[in-house]
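One structure is given here, and the rest of the page talks about it.
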Amino acid sequence: MDYQFKQIEKDWQKFWATNETFKAEVDESKPKYYVLDMFPYPSGAGLHVGHPLGYIASDIFARYKRLKGFNVLHPMGYDSFGLPAEQYAIQTGQHPAKTTETNINRYREQLDNLGFSFDWSKEVRTSSPEYYKWTQWIFMQLFNSWYNKETDKAEHISTLIAKLETIPAKEINAVCDDDVLPLLPSDWSTMTAEEKQAELLKYRLTFLKESTVNWCAALGTVLANDEVKDGFSERGGHPVEQKKMMQWSMRITAYAERLLQGLNHIDWPEPLKEMQRNWIGKSVGAMVKFSLIPNPSPKEKGAQENLENLNDVAGRRGYETANSFAWDILKGNSKENRKQQTDAEIVLWNELRDSQTGFKIRRQHVIEGYIADFVCLPKKLVIEIDGGYHNTVETIEYDNQRTEFLNKAGFQVIRFTNEEAINNTNKVITTIKEKLQASPSYPEKAEPVSTSTTQVAPSPSEKAGDEASFIEVFTTRVDTLYGVSFLAIAPEHELVASLTTPAQKADIENYILATKKKSELDRMSDVKTVSGAFTGSYAINPLSGEKVPVWIADYVLAGYGTGAVMAVPSGDQRDYLFAQHFDLPIIQILDAQVCDKEADATKEGRYINSGIINGLSYKEATQKIVTALEEVGMGYAKVNFRMRDAIFGRQRYWGEPVPVYFKNGLPYLIKEEELPLLLPEVDKYLPTESGEPPLGRAKDWKYQDEYEYELSTMPGWAGSSWYWYRYMDAKNDAAFADKDKIAYWKDVDLYIGGNEHATGHLLYSRFWNKFLKDLGYVNEEEPFKKLINQGMIQGRSNFVYRLNYSVNNLKENLENPDEDLDKINYLTQELPLVFISYDLVDKITNDADYRMMTQNNINDNLLSLELKANGIEILLDNENLITKIHVDVNIVENDILNIEKFKASRPEFKDAIFIFEDGSNPLSFGEGRGEAKYVCGHEVEKMSKSKFNVVNPDDLVERYGADTLRMYEMFLGPLEQSKPWNTNGIEGVFKFLRKFWKLFHDDSFNFVVSDEAPTKAELKALHKIIKKVEEDIERFSFNTSVSSFMIAVNELTDLKCNKRAILQEMVILLSSYAPHIAEELWKQLGNEEGTLSYAQFPVFNPEHLVENEFAYPVSINGKTKMNLTLSLTLEPVDVEKEVLANEQVLKYLDGKTPKKVIVVKGRIINVVI
RNA sequence: GCUCAGAUGGUGGAACUGGUAGACACGCAGGACUUAAAAUCCUGUUCCCGUUAAGGGAGUGCGGGUUCGAUUCCCGCUCUGAGUACCA
């Protein structure tokens, strides 16, 4: 019989399932090997042709390792909690468990179709209670643990309590929240149980904390940072906003350093490791304090706090802000000022008080951060008396700004000098009276006290008295400290208000406003524009003592480091641009630095202009500066991480319930024996009316009928962060996996999956693994020793090109317009669509003659004589000539459209006509005459239903069989490389398998294998492929071994080889790639059924490849000219003699003597002339 | 912008430590078998010059370099893809 792949594949899939051929149990006599695929989320769409790529590769490897004598664990399961099932549940009311079950069954069917050697007895589903019981259990362990920096590992919370009982909390070296109390053992002992519980929460590895989260209202859930793209949810593209919520978090930051270091010891693709490094974002640097120079106007100290209210007074509504606090301070200041009045003020006050002018005048009155000497509110007139010091350029400038500001606020300002007020009091009073009378009246407004309290107000201690005396910055280049020419702080920085001098108030205010208006997106896309504003304040460089200005700039992020940077224009490009733009100094600090055009961040050379480090190198300088800073208490070395703690709660139904209940607002774990905490039933999968998560709908769902359970569920990554351990012992009821089994299987030797998990799953998994190791439950520091990212399979879309035309029905030419028009409409409606072959698209677009010819042709063929007689004409639409339409790739073969199927695919295509590729016959009807073909265009796009480019593996299995599909997917190219799917080459692989089958059978398909001894050539062909396949699999180069198989089979076919000694070995070699056909032939060869999977991989014998002759390529000056067959026993010297004696070579030499002859034995000969 | 990966015929790709570039396969062209089609088999297929042949020349994104010899190593550039986003 011919190669009957359908029957063969069905039979063997059944055999493997019934006999549990691939069941793996602990077997100390064999070395273990663990091959794992990143487990799938069973979506409703099923598998497309891209999904199995990694599974096929891992399956080949697993089967290969079995043949090599390893005990292979190769399991599969489902990450079955997740959003899509829940979305579907919300839409249809179906329980997500039900749809999940349906989807899993479909996945399983598709996977079974491909002949994978999974040990299905170990299948897991994260959504089954037997599984999530242990996810909850691990959560409880995390809750009961803290991170001890001294031992550098997680420990049970009891060791922390023991410490709190004996030593001050300050001496405990823990990773914890910022706000832990500085407790003494005596404090701890007097605390109530609840107070203790509240305090311990700040140390636990999973903890409740108010966090800013990415809230997606449309999805009704919180998203992780990596689920948000440009302010929109990755899934569904809904807007995401920042919202403060009480959230469960995981203290992954405790492991930042270990997660980083671990990367150096695992065999993962470099880009993936790089992504994790970036994500962790370690920067080694120093904290440096810059002292602030007190504000130039102590009189108005504190006034600036009220800055933001300016907008209200000026009639512009700014953002809401709070400043009752500032108001109080200012009032305090103004009272202070009244006690210290100048003589001039006293004189004037005597004339102005008690409405002597006819208007009520107030003195030392606060107007939006300024204290006016006198003011008449109903007339909005300010009277200022300038003291003796009001004569320098600066103070004049200052006064002008002050006037300008008050004008903006709607006030008129008149000024008198001290002298005028004292010596010419009457004249001054008259002027004031005149001014008052001339001014329009305004209703007197209430004192401007804002009531809003949303803005974070600095704490009182920061403001009054010791108001921030320094700015702290984080820097990774502390060696550049002498190159600092300004400080830049984030516009949101808490010191902005107090640093701003009155003169700069308007500038700063406008800048902050402008910054706020810019959306996140603008700020990201508009990186190049330099912007900022000067606060008017100065700070002091702690080592050089230089005075540097403090600016605000939006390139400084409030959320990173301290929200302030020391700007070194010579070494940092952003600082450089900023300095250039605002004309700030650029100080060169290294002799090797070139910074006349742009910043140069070099660490090379010796320091200049750098005080104590002049002449030193980078390393010495860094050390010296840190030491110097530490000595004066102005800085210290510090490591910063970008990674934040992971938020661990989702306001969702379809996830693991958190095993926690609340008593008096504090969280407590349920008892371990109460696990699993089952997901309760709810009537709807939506939030409650009060905005609580769906679990809030569960009826009578209370712990011990009394206490509220936690209502959020765990995020998608919870279940997948430890699943590889569950596979080791999937059914265990007493532990997440048995200790002995964990000790045997250890870790995953080969992990294959897509790189979309780079910073999510793979980081969290490593974190949980390290945690479980700290507690002694597992033994390996890293869970996935080797990891391969399979490339994405993209779609390859096909297109047809519709020619657009219109009908010109010369209505006015008709004899009987109404009647004829009906007829015409009827007839023209029948006109078919016209499609033009892809290779003619350019021609018809650019070639007017061809276009005209085509139009005539269409007219001739499509219009009846009657219509033509009536002046009806078809006109090509030159404006919009061609419409490109996606066509289902499944009715296109090698870019040639199957016209029959195309016509049947949609009613409007039924009568379509085609302009075929041959062009000689520009318009062809029907099925294509003779050789005519309709060629489709193509493009690489995402594989998706809407693009009609989805290829379903089931269809290909149906047509060619699983073995062919498996080999073809590998044949497509290197596993790691992304590539578009194209079914075009699959025939070649199918032919190969049939050819292989034929080696065992005669022309009438009778099984004919001979027991004769193989020839030398046959052995050579065999051992060549043994070597090649072994090498290829070991380096995961599956595509090249498929080619080699083809070469081997071609060779054996040419040799007409049907020797058992060769073919049986070939069967074993091929069995990991094409297991079904191999099993069938193995059986036909007379072997026991099912033993193939555990047969011995053929042993390579190099003797069979030894040659005694070699056809040396001979090059003249490096260009290959000819081949020369010589014995391999000849040494280079003799080879050279032979070469130079050769006639052909002499011809090339053309009488010249070669300068040099290079001979590489068994490789090449090169003659240099 | 930064980081990483990549660029080879009409197409997918091969060439592993520098040693015959284009293996293997698809497609295409021609042929055999067939009443015909499918299937199968055979031949050719990097480009250019040479009618055929013999033969010659160019050629692995571009420009240089190292070398007897470079797809492979080095320097500079262009383009494509991925990740990241003002991280101090």
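The values are calculated or read from the model by the stated rules, or taken from the named source; none is laboratory data. Nothing here was measured: the structure is a model prediction, and the numbers come from that model. Glycine also receives a Cβ, built like all others from the backbone with ideal geometry; neighbour counts cover every protein chain displayed. In case anyone asks, the SASA skips ligands and DNA or RNA and just uses the protein heavy atoms, side chains included. Shrake-Rupley method; radii C 1.70, N 1.55, O 1.52, S 1.80 Å.
Do we have A:Glu1051 as of a type in the set (D, E, K, R) and more than 10 Å from RNA strand B (Cβ to nearest atom) here? Reasoning before the result, please.
Numbers: of a type in the set (D, E, K, R): yes; more than 10 Å from RNA strand B (Cβ to nearest atom): no.
Considered against the rule, which asks whether it is of a type in the set (D, E, K, R) and more than 10 Å from RNA strand B (Cβ to nearest atom), A:Glu1051 comes out as no.
For segment A:397-419, give me the residue count where each residue is open to solvent by 60 Å² or more (accessible area, probe 1.4 Å) and modelled with pLDDT of 80 or more. Quick ask: steps written out before the conclusion?
First, the residues of segment A:397-419 that are open to solvent by 60 Å² or more (accessible area, probe 1.4 Å): A:397, A:400, A:404, A:407-408, A:412, A:415, A:419.
Adding the requirement that they be modelled with pLDDT of 80 or more leaves A:412, A:415.
Qualifying residue count for the region: 2.
Which condition number does A:Asn664 fail, the rest of (1) of a type in the set (S, T, N, Q); (2) open to solvent by 20 Å² or more (accessible area, probe 1.4 Å); (3) within 32 Å of the chain's Cα centre (by Cα) being met?
(3)
Could you check A:Val1159 against (1) modelled with pLDDT of 85 or more; (2) in contact with a helix residue (DSSP H, G or I) (Cβ under 8 Å, 6 or more places away or on another chain); (3) more than 10 Å from RNA strand B (Cβ to nearest atom); (4) not assigned by TED's automatic domain parsing to the domain that holds A:Ile1033 and say which number it fails?
For A:Val1159, the exception is condition (3).
For every residue, the table says whether it meets (1) over 42 Å from the mean Cα position of the chain (by Cα); (2) of a type in the set (Ser, Thr, Tyr); (3) modelled with pLDDT of 80 or more.
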{"residue": "A:Leu875", "(1), (2), (3)": "yes, no, yes"}
{"residue": "A:Glu879", "(1), (2), (3)": "yes, no, yes"}
{"residue": "A:Ile882", "(1), (2), (3)": "no, no, yes"}
{"residue": "A:Leu897", "(1), (2), (3)": "no, no, yes"}
{"residue": "A:Phe914", "(1), (2), (3)": "yes, no, yes"}
{"residue": "A:Gly919", "(1), (2), (3)": "yes, no, no"}
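Show the residue pairs that are 6+ apart or on different chains and have beta-carbon atoms under 6 Å apart, the first residue being within segment A:894-921 and farther than 21 Å from A:Thr854 by Cβ and open to solvent by 50 Å² or more (accessible area, probe 1.4 Å), the second being β-branched (Val, Ile, Thr) and at pLDDT 80 or above.
Filtered contacts from segment A:894-921: A:Asn898/A:Ile891; A:Lys901/A:Ile891.
A:Met643 is checked against (1) within 28 Å of A:Gln94 (Cα to Cα); (2) in a loop (DSSP other than H, G, I, E, B) and fails just one. What number does that condition carry?
With respect to (1) within 28 Å of A:Gln94 (Cα to Cα); (2) in a loop (DSSP other than H, G, I, E, B), A:Met643 is out only on (1).
Is it fair to say A:Trp146 is open to solvent by less than 30 Å² (accessible area, probe 1.4 Å) and under 37 Å from the mean Cα position of the chain (by Cα)?
yes
Tell me the strands (runs of 3 or more DSSP E) entirely within segment A:531-584 that contain at least 2 residues that are within 7 Å of RNA strand B (Cβ to nearest atom) and modelled with pLDDT of 90 or more.
Numbers: elements: A:533-540, A:547-552, A:564-567.
In segment A:531-584, A:564-567 are the strands (runs of 3 or more DSSP E) which contain 2 or more residues that are within 7 Å of RNA strand B (Cβ to nearest atom) and modelled with pLDDT of 90 or more.
Within the set of pairs 6 or more residues apart or between chains, which connect a residue that is over 14 Å from A:Val1160 (Cβ atoms) inside segment A:1101-1118 to a residue that is away from RNA strand B (no atom under 15 Å from the Cβ) and open to solvent by less than 50 Å² (accessible area, probe 1.4 Å) with Cβ atoms less than 7 Å apart?
A:His1104/A:Leu1019; A:Asn1108/A:Ser1127; A:Glu1109/A:Ser1127
Within the group A:Trp981, A:Trp997, which residue is open to solvent by less than 50 Å² (accessible area, probe 1.4 Å) and either at pLDDT below 90 or within 11 Å of RNA strand B (Cβ to nearest atom) (or both)? Steps first, please.
On the way: A:Trp997 fails: either at pLDDT below 90 or within 11 Å of RNA strand B (Cβ to nearest atom) (or both).
Selected residue: A:Trp981, the only one of A:Trp981, A:Trp997 that is open to solvent by less than 50 Å² (accessible area, probe 1.4 Å) and either at pLDDT below 90 or within 11 Å of RNA strand B (Cβ to nearest atom) (or both).
Answer yes or no as to whether A:Asp1011 is free of Cβ contacts under 8 Å to residues at least 60 places away in the same chain, touching a helix residue (DSSP H, G or I) at 6+ places or on another chain (Cβ under 6 Å), open to solvent by 20 Å² or more (accessible area, probe 1.4 Å) and more than 9 Å from RNA strand B (Cβ to nearest atom). Lay out the reasoning, then the answer.
Working: free of Cβ contacts under 8 Å to residues at least 60 places away in the same chain: yes; touching a helix residue (DSSP H, G or I) at 6+ places or on another chain (Cβ under 6 Å): yes; open to solvent by 20 Å² or more (accessible area, probe 1.4 Å): yes; more than 9 Å from RNA strand B (Cβ to nearest atom): yes.
Considered against the rule, which asks whether it is free of Cβ contacts under 8 Å to residues at least 60 places away in the same chain, touching a helix residue (DSSP H, G or I) at 6+ places or on another chain (Cβ under 6 Å), open to solvent by 20 Å² or more (accessible area, probe 1.4 Å) and more than 9 Å from RNA strand B (Cβ to nearest atom), A:Asp1011 comes out as yes.
Restricting attention to segment A:922-960, and to residues there that are acidic (Asp, Glu) and at pLDDT 80 or above, which single residue is most open to solvent (accessible area, probe 1.4 Å)? Working first, answer last.
So the first thing to find is which residues in segment A:922-960 are acidic (Asp, Glu), and the list is A:927, A:931, A:939, A:941, A:954-955, A:958.
From the residues that got through so far, the ones that are at pLDDT 80 or above too are A:954-955, A:958.
Numbers: A:Asp954: 39, A:Asp955: 84, A:Glu958: 108 Å².
Among those that are acidic (Asp, Glu) and at pLDDT 80 or above, it is A:Glu958.
Being surrounded by 20 or more Cβ atoms within 10 Å (Cβ to Cβ) and either near RNA strand B (Cβ under 8 Å from one of its atoms) or not assigned by TED's automatic domain parsing to the domain that holds A:Met1046 (or both) is the filter here, so list the residues in segment A:967-978 that pass it. Talk me through it step by step, then tell me what you get.
Here is the first cut: in segment A:967-978, the ones surrounded by 20 or more Cβ atoms within 10 Å (Cβ to Cβ) are A:967-972, A:975.
Within segment A:967-978, A:Phe971, A:Leu972 meet the criteria.
Looking at segment A:261-275, which of its residues are closer than 14 Å to A:Tyr751 by Cβ, touching a residue at least 12 places away in the same chain (Cβ under 8 Å) and either surrounded by 15 or more Cβ atoms within 10 Å (Cβ to Cβ) or near RNA strand B (Cβ under 9 Å from one of its atoms) (or both)? Lay out the reasoning, then the answer.
Residues of segment A:261-275 closer than 14 Å to A:Tyr751 by Cβ: A:266-269, A:272-273.
Next cut, touching a residue at least 12 places away in the same chain (Cβ under 8 Å) only: A:266-269, A:272.
Across segment A:261-275, the qualifying residues are A:Ile266, A:Trp268, A:Pro269, A:Leu272.
Just need a number here: residues in segment A:884-898 that are within 16 Å of RNA strand B (Cβ to nearest atom) and either in contact with a strand residue (DSSP E or B) (Cβ under 6 Å, 6 or more places away or on another chain) or more than 20 Å from A:His48 (Cβ to Cβ) (or both).
7
Could you tell me which numbered condition A:Asp152 fails, if it satisfies all but one of (1) under 32 Å from the mean Cα position of the chain (by Cα); (2) open to solvent by 30 Å² or more (accessible area, probe 1.4 Å); (3) touching a residue at least 60 places away in the same chain (Cβ under 8 Å); (4) at negative phi?
Looking at each condition in turn, A:Asp152 falls short on (4).
Hey, does segment A:613-622 have a residue that's within 14 Å of RNA strand B (Cβ to nearest atom), in a strand (DSSP E or B) and on the phi < 0 side of the Ramachandran plot?
No, that holds for no residue.
Using the structure shown, decide if A:Tyr1094 is within 16 Å of RNA strand B (Cβ to nearest atom), in contact with a helix residue (DSSP H, G or I) (Cβ under 9 Å, 6 or more places away or on another chain) and among the hydroxyl-bearing types (Ser, Thr, Tyr).
On the way: within 16 Å of RNA strand B (Cβ to nearest atom): no; in contact with a helix residue (DSSP H, G or I) (Cβ under 9 Å, 6 or more places away or on another chain): yes; among the hydroxyl-bearing types (Ser, Thr, Tyr): yes.
In short, no.
Can you pull out every residue in segment A:1014-1028 that is surrounded by fewer than 14 Cβ atoms within 10 Å (Cβ to Cβ) and not in a loop (DSSP other than H, G, I, E, B)? Working first, answer last.
Here is the first cut: in segment A:1014-1028, the ones surrounded by fewer than 14 Cβ atoms within 10 Å (Cβ to Cβ) are A:1015-1016.
A:Lys1016, the sole residue that qualifies.
Quick one: in segment A:380-396, of everything that is assigned to a loop (DSSP other than H, G, I, E, B) and in contact with a strand residue (DSSP E or B) (Cβ under 8 Å, 6 or more places away or on another chain), which residue is modelled with the lowest pLDDT?
Going residue by residue through segment A:380-396, those that are assigned to a loop (DSSP other than H, G, I, E, B) are A:380, A:387-392.
Right, trim to in contact with a strand residue (DSSP E or B) (Cβ under 8 Å, 6 or more places away or on another chain) and you get A:380, A:390.
Numbers: A:Lys380: 81, A:His390: 51.
Only one residue tops the list, namely A:His390.
When both residues are 6+ apart or on different chains and their Cβ atoms are under 7 Å apart, which pairs have a first residue that lies in segment A:28-55 and is farther than 19 Å from A:Val951 by Cα, and a second that is at pLDDT below 90 and open to solvent by 20 Å² or more (accessible area, probe 1.4 Å)?
From residues that are farther than 19 Å from A:Val951 by Cα, the pairs are A:Met38/A:His757.
Restricting the search to segment A:1037-1070, which residues are open to solvent by less than 10 Å² (accessible area, probe 1.4 Å) and among the small types (Gly, Ala, Ser)?
Correct list: A:Ser1041, A:Ala1048.
Taking the residues in segment A:585-609 that are away from RNA strand B (no atom under 13 Å from the Cβ) and small (Gly, Ala, Ser) as candidates, determine which candidate is least open to solvent (accessible area, probe 1.4 Å).
Per the criteria, the residue is A:Gly605.
Condition check: in the same structural domain as A:Phe996 (by TED's automatic domain parsing) and either among the polar types (S, T, N, Q) or more than 49 Å from the chain's Cα centre (by Cα) (or both). Does A:Leu1085 satisfy that?
Working: in the same structural domain as A:Phe996 (by TED's automatic domain parsing): yes; either among the polar types (S, T, N, Q) or more than 49 Å from the chain's Cα centre (by Cα) (or both): yes.
Against the criterion (in the same structural domain as A:Phe996 (by TED's automatic domain parsing) and either among the polar types (S, T, N, Q) or more than 49 Å from the chain's Cα centre (by Cα) (or both)), A:Leu1085 qualifies.
Kindly establish whether A:Asp59 is surrounded by 24 or more Cβ atoms within 10 Å (Cβ to Cβ) and under 34 Å from the mean Cα position of the chain (by Cα).
On the way: surrounded by 24 or more Cβ atoms within 10 Å (Cβ to Cβ): yes; under 34 Å from the mean Cα position of the chain (by Cα): yes.
Taking the combined requirement at face value, the residue satisfies it.
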